[in-house]
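> I have a structure I would like to understand better, so I am pasting it below and will then ask my questions one at a time.
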Amino acid sequence: MQSKPVSLAPGFILFPSLKPPNKTFIFHQFLVLIVTFLAYASFHASRKPPSIVKSVLGPNIQLNSSEIQSNNVSIESISSSTVTGWAPFDGPEGTHRLGELDLAFLSAYSIGMYFAGHVGDRIDLRLFLVFGMMGSGIFTIIFGLGYWFNIHFLGFFVGVQILCGLFQSIGWPCVVAVVGNWFGKAKRGLIMGIWNSHTSVGNIIGSVVASGVLEFGWGWSFVVPGFLVILVGVVVFLFLVISPVDVGFQPLGEEIEMNVDVDGEESSEKVESEEAGLISTENSESLEAIGFLEAWRLPGVAPFAFCLFFSKLVAYTFLYWLPFYIRHTAVAGVHLSHKSAGILSTVFDIGGVFGGILAGYISDMIEARGITSIVFLALSIPALILYRLYGSISMITNITLMFLSGLLVNGPYSLITTAVAADLGTQDAIQGNSRALATVTAIIDGTGSVGAALGPLLAGYISTRGWNSVFLMLILSIFSASLFLIRVVKSEIKGKMNEGKWILNGTTTH
């Protein structure tokens with residue numbers, strides 16, 4: 001395997017004080033976390049506009065005068081576009097067309113995910129990531145231009161979403177690979193949980209920005225986030241460092257196991273230096289890439305992949321349809337405006353930030369990813385039922401139950417896409433083959449992305465029968481996700497019980 005070409009980020013040529021020995025290894029780790037965090041947050045910010053403008057483009061509710069007055073919405077602020085929608089999404093089949101629009105983006109995204117990782121292994125990851133960000137920003141802007149050019153052709157919007165999805169698929173493999181180059185196994189769940197909050201933070205930023213400019217015309221809800229992605233892409237081009245080697249540090253070494261004889265008994269002690277990480281660069285280049293089917297057969301890969309299929313189905317249904325649902329569901333007897341519904345939907349993503357961090361912390365503490373995931377999934381079922389039944393009583397109950405639902409739904413989704421994928425891709429069965437990590441990550445997140453594509457599409461069709469049917473679909477999906485983890489959880493519980501027996505017998509396990 002030949003080394004992929006790498007160029008030093010121009011920012012370090014412009015500002016040589018950022019290079020060692022002026023800056024430490026830890027400084028560069030934080031810089032990588034910040035830059036990759038901003039990169040993927042901007043990706044998600046540009047995904048949010050379709051959900052914010054759904055209530056403007058699609059079939060609309062009719063507000064009576066008392067609701068308008070009690071909701072502090074003036075007659076003048078309700079333009080013809082918000083009343084009649086936007087063809088071809090304003091007819092009786094409008095929600096179906098909106099669901100198909102989501103399917104176009106997410107299908108292209110899930111397919112592109114499998115190829116992006118392989119391409120990224122062969123070219124400069126920084127340039128490849130910037131390429132994806134620029135393309136994503138440009139096509140997000142082009143979608144918004146449909147407002148000013150008065151475009152009503154479904155094929156235009158579908159085609160733009162397909163191309164945007166392909167460019168967006170470049171982001172995840174790139175940022176995961178870069179973070180993997182800089183960080184080791186220690187506290188992986190917590191670190192990944194904090195870092196992976198970029199998803200929810202990006203959703204929040206996208207919701208606030210898109211909702212804030214919606215009153216000027218729905219096209220602005222796409223143009224502004226599109227320029228945001230391009231701007232962050234410039235930052236990535238200037239300051240992202242792909243590997244420690246690129247700025248003069250030693251490559252990350254793999255975790256070393258040392259056997260220490262204590263009182264005549266042998267125990268295993270893990271020693272990890274500052275440069276210790278997922279794998280050693282020298283060893284990784286000598287290993288052949290693991291086969292696709294072989295990766296599927298690795299322990300734990302299939303259960304977590306199918307679990308993520310259903311978990312991501314639920315998470316992305318909320319991502320693309322929650323503002324529309326809030327807009328069409330009266331809270332305390334009042335229908336919110338488009339802007340208020342979009343901003344209120346960010347509560348779900350705020351809960352997701354805490355959920356991802358909490359799931360990562362708990363899974364590190366108990367050393368059981370499966371148990372953590374299934375507990376979150378189990379608790380999310382009653383949370384969604386309560387949100388559907390009582391979320392409309394008052395604004396306080398709506399915010400509280402939406403926050404709780406976001407925390408519980410996004411917890412396992414965040415955990416599986418990051419720490420679990422990294423664990424499975426570096427397990428003992430493959431002897432630390434780093435190229436297996438990329439393949440396993442692609443399998444797990446690619447499978448999850450298929451579920452993400454189906455969820456919004458199904459919601460678009462099922463919502464015409466009533467929102468109870470949509471929530472039933474979400475609950476059944478969560479239940480299905482839990483079923484795939486039962487064997488994993490049994491294995492983890494058995495391992496914990498064996499650990500307990502070892503401790504009772506006076507033998508240490510660390």
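The values are calculated or read from the model by the stated rules, or taken from the named source; none is laboratory data. It should be emphasised that the depicted structure is a prediction, and the values quoted were computed from it without experimental measurement. So basically every Cβ, Gly included, is an ideal-geometry build from the backbone, and we count neighbours across all protein chains shown. SASA here: full protein model, heavy atoms, side chains in, ligands and nucleic acids out. Shrake-Rupley method; radii C 1.70, N 1.55, O 1.52, S 1.80 Å.
> Of all residues in the range 324-337, which are open to solvent by less than 20 Å² (accessible area, probe 1.4 Å) and either closer than 21 Å to Trp220 by Cβ or at pLDDT below 90 (or both)? Lay out the reasoning, then the answer.
Applying the first criterion (open to solvent by less than 20 Å² (accessible area, probe 1.4 Å)) to the range 324-337 yields 324-327, 331, 336.
Selection gives Phe324, Ile326, Arg327, Leu336.
> Checking Leu8 against (1) among the hydrophobic types (A, V, I, L, M, F, W, C); (2) more than 30 Å from Gly212 (Cβ to Cβ); (3) touching a Leu at 6+ places or on another chain (Cβ under 9 Å), which test does it fail?
Unmet for Leu8, out of (1) among the hydrophobic types (A, V, I, L, M, F, W, C); (2) more than 30 Å from Gly212 (Cβ to Cβ); (3) touching a Leu at 6+ places or on another chain (Cβ under 9 Å): (3).
> Same structure again: Could you grab me the full set of residues in the range 292-323 that are crowded, with 23+ Cβ neighbours inside 10 Å and among the aromatic types (Phe, Trp, Tyr)?
Passing the criteria: Phe304, Phe309, Phe310, Tyr316, Phe318, Tyr320, Trp321.
> Filter the range 27-43 down to residues that are over 20 Å from Val234 (Cβ atoms) and in contact (Cβ under 8 Å) with a residue 60 or more places away in the chain, then give me how many there are.
1
> Hey, another quick one. Can you name every residue in the range 322-346 that is among the polar types (S, T, N, Q) and either closer than 15 Å to Val56 by Cα or over 22 Å from the mean Cα position of the chain (by Cα) (or both)?
Initially, the range 322-346 is screened for residues among the polar types (S, T, N, Q), giving 329, 337, 340, 345-346.
Answer for the range 322-346, where residues must be among the polar types (S, T, N, Q) and either closer than 15 Å to Val56 by Cα or over 22 Å from the mean Cα position of the chain (by Cα) (or both): Thr329, Ser337, Ser340.
> Condition check: assigned to a helix (DSSP H, G or I), more than 30 Å from Val247 (Cα to Cα), under 17 Å from the mean Cα position of the chain (by Cα) and small (Gly, Ala, Ser). Does Gly212 satisfy that? Steps first, answer last, please.
Numbers: assigned to a helix (DSSP H, G or I): yes; more than 30 Å from Val247 (Cα to Cα): yes; under 17 Å from the mean Cα position of the chain (by Cα): no; small (Gly, Ala, Ser): yes.
Taking the combined requirement at face value, the residue does not satisfy it.
> Yes or no: Ile443 modelled with pLDDT of 65 or more, within 18 Å of the chain's Cα centre (by Cα) and either open to solvent by 50 Å² or more (accessible area, probe 1.4 Å) or hydrophobic (A, V, I, L, M, F, W, C) (or both)? Step through it out loud before you land on a result.
Values: modelled with pLDDT of 65 or more: yes; within 18 Å of the chain's Cα centre (by Cα): yes; either open to solvent by 50 Å² or more (accessible area, probe 1.4 Å) or hydrophobic (A, V, I, L, M, F, W, C) (or both): yes.
Here the answer is yes, as Ile443 does meet what is asked.
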